[in-house]
Amino acid sequence: METTDNPQNPSDNPPNDVVFDDSSPETDLTPSSSTPHENHSSENPSAPPQTTLEAPVSDSQDDSSEPILEGEDTLLDQQHLQNPIEPGPAEPGLPAKRRRRRKKFFTELNGSPSLAKNRRTDLNKDVDVEALIAISVGFPVDSLTEEEIEANVVPTIGGVEQANYIVVRNHILSRWRSNVSFWLTRELALESIRSEHKALVDSAYDFLVEHGYINFGLAPAVKDAKLRSFDGAERGNVVIVGAGLAGLVAARQLVFLGFKVVVLEGRSRPGGRVKTRKMVGEREGVEAAADLGGSVLTGINGNPLGVLARQLGLPLHKVRDICPLYLPDGKTVNSEMDSSIEASFNKLLDRVCKLRHAMIEEVKSVDVPLGTALEAFRRVYSVARDPQERMLLDWHLANLEYANASLMSNLSMAYWDQDDPYEMGGDHCFIPGGNETFVRSLAEGLPIFYERTVQSIRYGSDGVLVYANGQEFRGDMVLCTVPLGVLKKGSIEFVPQLPQRKKDAIQSIGFGLLNKVAILFPYNFWGGDIDTFGHLTEDPRMRGEFFLFYSYSSVSGGPLLVALVAGDAAIKFELMSPVEGIFNPKGIAVPEPIQAVCTRWGKDDFAYGSYSYVAVGSSGDDYDILAESIGDGRVFFAGEATNKQYPATMHGAFLSGMREAANILRVAKKRSIIPLEKPSNVGDEMDDLNKLFDTPDVRCGSFSVLFDPRSNEFDSANSLLRVKFGVGNMEVGSRLSLCLYGLISRNQAMKLSEVEGDGNKMRMINVEFGVRLVGRKGLSGAGESLISYIKTAKSKPNLYSIGRGSHPDLNGGNPHVLTVYRFATTHIYFINECISLYNDIHFFFFYFSHLFKFFII
């Protein structure tokens, strides 16, 4: 796609009088004479290397693709590439076919200069290496981001001070990116900056740290520093729903920013839609790691996951673009026909883009499916009339459906590729051993509670209450990172309801489906010189069925193939048996597989799909709306479907977690300087309830019961039970207490009083009575009504005497107090479950005492 926009030349900015250190990178870049896929190295990895630009490499036969500049960050990442590009098998005299999961035809609809210009520049002009690094991370060339403007990084927008700030920001960013394994201190950032610009250094450094652009990741020096508040401040409690990439990243960053966090995850593992499965053939002596969810790092230029790989010392395996295609009978597709159809397909997309550009205003209000527009142009220009040509065109359509996880008939013609201007450049890569390596490291040390399915999020001026599996979690704020499919399903109740504009965005954005079949073989029969190969089908309706195979042999540890099922085939696949149709003849003679694993993300209760796409009638604005916080800064949202720039990607989820951590910090700072209009009444309610239990009807050690003053029935659940846990905490230096409540009958109260030992009493409540204890806010309507009647009766002794009962001897009891720590910051009530798991009550106490270290009271 050609553009008439002239890229901004950094040399047009005010001269760089800020950075004076001799170690700053060279800014004179010239075209490189190296081959497009040559690996680069740096003699001094701790300092930005002298860099040259490579000749651009086109990803298709279309001449409209533009070069993607590669800065210092690219070169460092490429040092870890396992395999340089090697030409794969191709017919003599014909170019190797390069195919990639990419969308590349976006045209601005508003007529303004394309945002993509910030990623391109004139190769004949001098370019600042540090600016290139900033561009690769997502910063504009000569302006501030919305985040920077909101953070007030400079007092006045525009002018020399802003230009100097940008130079300082880029310098700090590139300095850390040159060696991501160390912690860049403020003092080090100041070393190469003129002293008169210290205020700019402080502003840029604080912004980059708080927003996670530097000093993030899993290097030991970085990881250790992230487990404590960077400035010693305590800023409140955050409940994070979901332990996917967004939730894990946000949790680590929030701890560093001074928040207490707890992460609730419905699954029994972290990672969400990033899942690595170990496959083993013991008899054959083979094993492999298969990524069943997110798998490919789509561009490593500025990619935070590329930074994690460098920090962990993981080699990146470049996904080679060579992708041979096979007909249903197993024969290789004719190369000339392949090239011709691919070029025609690209021209069809280009014509659709020109059409929507000509219909700027109309297409905004009247959108049509991308598939409809493509089919219309195909008919007009008589493309792919031959049956074999049609199979080839269907393969390219299936590849596009894979990129968007949806049918062509669902994609918006106007905005389906709205994220193209932000696309990260560089190679697409695999991580050897699977992406779960990232997940395990990110989850380490975090207070994550698994198998906690959130049913309700309640929010108001006093904070938030999150209910999961009958337990209550209280915080100042909540970050919801669940997939868009879960929000669409309405699995989580929001009280009050979500604003209408957010509900509309949830419905407007599409959430697609892509399934995979991972197949472990006794040996590699497809060769080691390719990473992908494609399969054509005669039935257009099933064009996405096993249309593309990824070879994981070089990264998984064994002979593993992963077949993709996209489009309509992915939907039908959910109804198939695990092996139906997989091993029937597909045109390739294969040995008997050892093991096969099939995904069904559409039926996954914690996802209901794979990733988001821009559906007909929606746009990138809907992603922004979904990302908005609600409840006056109480409820926040993260995840790939909240990231307009990088949707449907792992790094998009990662960056959204960082974004919301910064937003939560901003809101907390703002709230700390604004006095509350009225104090919370939660403490008053608790005091009133505690006063009621000063004179209970039954007291048995830590257990107290209040009877319903309106009734003398012995078998109905008309009595309020309180269990009080307390311990003198030596570290905190105060006596802590936790009260849980439940409704029982008077007969049960009598039986409870006859049991010796608090542990036995708890087991009776949990197992025999089947009563689940909850916090004060977790009581049902019946419980609240009972409390109201008891309050009234207490104030009127004559009324209260009616229901006092005839068992005054029950008011004695065991003075023993259960030694269970109070999780005051989050009100985590899961004592019943733990007692059922640990029959030995003493081990139960020991277990809780060690869990306490995650929470500072």
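The stretch between ILE530 and GLU187 holds 118.7 nm of extra length on full extension. This uses 0.36 nm per residue minus the Cα-Cα distance.
In terms of distances greater than 31 angstrom between alpha carbons, the cross-link table entries LYS331/LYS516; LYS260/LYS318; LYS488/LYS724; LYS275/LYS488; LYS751/LYS794; LYS275/LYS644 yield LYS260/LYS318; LYS488/LYS724.
Extension gain, VAL160-ASP386: 0.36 nm per intervening residue step, less the Cα-Cα distance, totals 75.2 nm. Applying both filters, DSSP loop and at most 12 other Cβ atoms within 10 Å, to the trypsin sites (Lys or Arg not before Pro) of the stretch 161-192 eliminates every site. Given R0 = 56 Å, the distance between the Cβ atoms of TYR450 and SER340 translates into a calculated FRET efficiency of 0.60. Which shape class, rounded, prolate or oblate, goes with the stretch 119-215 when its Cα gyration tensor gives a ≥ b ≥ c as root eigenvalues, a/c under 1.5 marks rounded, and past that a/b bigger than b/c marks prolate? Note, shape of the stretch 119-215 comes out rounded. With the simple model of a label 7 Å out from the Cα in the direction of the Cβ, ASP504 to ASN690 spans 4.8 nm. The label point for LYS791 and the one for ASP231, both projected 7 Å from the Cα toward the Cβ, are 4.0 nm apart. Judged by the mean number of other Cβ atoms found within 10 Å, the most tightly packed of the peptides 446-452, 607-613 leads the ranking 607-613, 446-452. Averaged over residues, the count of other Cβ atoms within 10 Å places the peptides 632-645, 514-527 in the sequence 632-645, 514-527, highest first. The distance between label points at ALA782 and VAL366 comes to 5.9 nm (points 7 Å beyond Cα on the Cα→Cβ vector).
Rounded to 0.05, the FRET efficiency of the GLU592 and ASP539 pair, given R0 = 41 Å and the Cβ-Cβ distance, is 0.95.
Contour minus end-to-end for GLU284 and ASP329, with contour as 0.36 nm per residue of separation and end-to-end as the Cα-Cα distance? Before the final figure, lay out each step's value.
Numbers: separation 45, 0.36 × 45 = 16.20 nm, distance 2.96 nm.
In short, 13.2 nm is gained.
Net charge within 12 Å of ASP291 by Cβ-Cβ distance, Lys/Arg positive one each and Asp/Glu negative one each, not counting ASP291 itself? That works out to +4. Other residues with beta-carbon under 12 Å from the beta-carbon of MET279 carry, at +1 per Lys or Arg and -1 per Asp or Glu, a net charge of -2.
All other residues with a Cβ under 9 Å from the Cβ of ALA570 taken together, and with Lys, Arg as +1 and Asp, Glu as -1, what is their net charge?
-3
A short reminder: the numbers here are calculations on the coordinates, not readings from a lab. Treat the numbers as computed from the prediction; the structure is a model and nothing was measured. Cβ: placed from backbone, ideal geometry, glycine included. Neighbour counts: every protein chain shown.
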